[in-house]
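The values are calculated or read from the model by the stated rules, or taken from the named source; none is laboratory data. All values derive from a computational prediction rather than experimental measurement. Counting neighbours? That spans all protein chains shown, and the Cβs are built from the backbone with ideal geometry, glycine included.
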Amino acid sequence: MSTIIIDVALAAHRYQKLYQGRAQHLLVQSRDGRKVRLPLVNFRSFLTHEGVYGTFMITFDSNNKLQNIKKMN
């Protein structure tokens, strides 16, 4: 398994594009410099009225399939 750390600052009005069908993925750069495209739907449990903000630890299996997202702060 591999793990990356990402910082997300996504305002609620931008997340709303998921519901409008205009966005499906979140493109972020991990702290170690890798670019990762993650399904926005996986961040739904972290969504507040302000949006999705924080540092997240993302775990992938040996086939690079998303296994877990954990908010660190």
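Do any residues in region 45-66 that are in contact (Cβ under 8 Å) with a residue 60 or more places away in the chain have Cβ atoms under 8 Å from those of residues that are part of a strand (DSSP E or B), where the two are at least six apart or on different chains, and which pairs are they?
What qualifies is ASP61/GLN67; ASN64/SER2.
Select from region 23-45 the residues that are surrounded by fewer than 16 Cβ atoms within 10 Å (Cβ to Cβ), outside any strand (DSSP E or B) and of a type outside the set (D, E, K, R) and list them in ascending order.
Looking only at region 23-45, we keep the residues that are surrounded by fewer than 16 Cβ atoms within 10 Å (Cβ to Cβ), and these are 23-25, 27, 29-35, 37, 39, 41-42, 44-45.
Add one more test, that the residue is outside any strand (DSSP E or B), and what stays is 23-24, 30-34, 41-42, 44-45.
Across region 23-45, the qualifying residues are ALA23, GLN24, SER30, GLY33, VAL41, ASN42, SER45.
Scanning region 45-60 for residues that are hydroxyl-bearing (Ser, Thr, Tyr) and modelled with pLDDT under 95, which turns out nearest to the chain's Cα centre (by Cα)?
In this case the residue turns out to be SER45.
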